[in-house]
1. Where the second residue is acidic (Asp, Glu) and the first is closer than 13 Å to residue 116 by Cα and lies in the stretch 62-88, which pairs have Cβ atoms under 7 Å and are six or more apart or on separate chains?
2. In the stretch 71-124, which residues are over 19 Å from residue 31 (Cα atoms) and of a type in the set (Val, Ile, Thr)?
3. Taking the condition polar (S, T, N, Q), assigned to a strand (DSSP E or B), under 15 Å from residue 36 (Cα atoms) and touching an Asp or Glu at 6+ places or on another chain (Cβ under 9 Å), does residue 96 pass?
4. Of all residues being at pLDDT 85 or above and among the acidic types (Asp, Glu) in the stretch 47-93, which is nearest to residue 32 (Cα to Cα)? Just the residue, please.
5. Can you name the number of the only condition in (1) surrounded by fewer than 13 Cβ atoms within 10 Å (Cβ to Cβ); (2) in contact with a strand residue (DSSP E or B) (Cβ under 6 Å, 6 or more places away or on another chain); (3) of a type in the set (Val, Ile, Thr) that residue 82 fails?
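The values are calculated or read from the model by the stated rules, or taken from the named source; none is laboratory data. It should be emphasised that the depicted structure is a prediction, and the values quoted were computed from it without experimental measurement. Virtual Cβ from ideal backbone geometry, glycine too; neighbours counted across all protein chains shown.
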Amino acid sequence: MPSIRGEPLERTVWRSRLAPNAPTLLRSMFECAVEAIADTPRLDNERRPEWEPWRAGEARPARRHDLTVLALAGDDVVGYATLDVFDDPVSFPALTGVKRARRARGIGRALKLRRVALAKAAGLGDS
């Protein structure tokens, strides 16, 4: 079992794993996003995302599902990093979020590094 700074994680997987477990993992991703977005400085006043708009955002064409990285503890998403591609070969790192109870253990950094490696392997550059 891999670990990040002593924190055991069952596995880190790609979005392709979401297909068979979409309802469970998407809901778990959403709960992670709720915590991450609440703690992210924003210009607007919206703090808590709503399920349907968030889910629709995850399904938009720019979101590269094959380049989304999940950090899982069992079936619980404890962190994730997403990537959007609007014009090949330029990519835009979207949300990287980690649940509060799992922060300061290197999970976010590991997710970002994995996302960068996947983007490079896919021939994408940074925005």
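1. 64/84
2. 85, 90, 116
3. Values: polar (S, T, N, Q): yes; assigned to a strand (DSSP E or B): yes; under 15 Å from residue 36 (Cα atoms): yes; touching an Asp or Glu at 6+ places or on another chain (Cβ under 9 Å): no.
Judged against the criteria, residue 96 is not a match.
4. 76
5. Every listed condition holds for residue 82 apart from (1).
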